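Enquirer: I have a structure I would like to understand better, so I am pasting it below and will then ask my questions one at a time.
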Amino acid sequence: MLDDTCYFIGFDTLIEAEITWVLLNKEITQNFIQSIAFKDAKRMITKDLLMRIDLNEIIKETNFQELKLEIPDLNIIDWENYKEQFTKQEINKDMQLNLFNEQALHTTKAIRNAGKVLNMNIVELNDMSSKLKIGVSKTRTTHS
């Protein structure tokens, strides 16, 4: 059943989609979802709930043979690539700039200040350009 909100996950390959489908439908994942979902809520599955699902943790609890039972054409290379991809994403997530830490606020101020300087320079250039046009125009009319 769908209401007015749907969540989608995009994949580059069918095998990635199949692996993710198996991981999300594992008993451990479903038990986790059931334990944190509010069964009497209007929307039992929310974005916040979905954001709490940690595929890296599910991957750690899953072995290749278990997946192979669900996906007969899965090979070990696909599984290793999938695990590596999520490990890289976890590392990148840790490196993302936190919007509220001191470095981010400093960087934001520097960008804003640079924008102000750039804007002032553009205004000054426009002023100079219009003064030059006026000067050129007056020169042309006096020489005519």
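Coordinate-derived values only; no laboratory data. Just so we're clear, the structure is a prediction, and the values are computed from it rather than from any experiment. Neighbour counts run over all protein chains shown; Cβ positions are idealised from the backbone, glycine included.
Enquirer: Out of the chymotrypsin sites (Phe, Trp or Tyr not before Pro) in the range 16-66, which ones are loop residues according to DSSP with at most 12 other C-beta atoms within 10 Å?
Expert: F38
Enquirer: Let me ask another. What is the gain in length, in nm to one decimal, between N31 and Q85 on full extension, counting 0.36 nm per residue of separation less the C-alpha to C-alpha distance?
Expert: Full extension of this stretch gives 16.9 nm more.
Enquirer: To continue, here is another question. Once the piece of chain linking W21 and C6 is laid out straight, how much longer is it, given 0.36 nm per residue of separation minus the C-alpha distance between them?
Expert: Value of the extension gain: 3.8 nm.
Enquirer: Just add up the charged neighbours of N81: K/R +1, D/E -1, any other residue whose Cβ is under 12 Å from the Cβ of N81.
Expert: Once all neighbours under 12 Å are counted, the net charge is -3.
Enquirer: Let me ask you something else. What does the charge count near E66 come to, summing +1 for each Lys or Arg and -1 for each Asp or Glu among other residues with Cβ under 14 Å from its Cβ?
Expert: 0
Enquirer: Short version: what are the Cα gyration tensor semi-axes of the range 14-95, square root of 5 times each eigenvalue, largest first, in whole Å?
Expert: Taking √(5λ) for each Cα gyration eigenvalue gives 25, 17, 10 Å.
Enquirer: Further question on the same structure: Could you calculate the contour length gain from K47 to I77, that is, 0.36 nm times the residue separation minus the distance between their Cα atoms, to one decimal place in nm?
Expert: 7.6 nm
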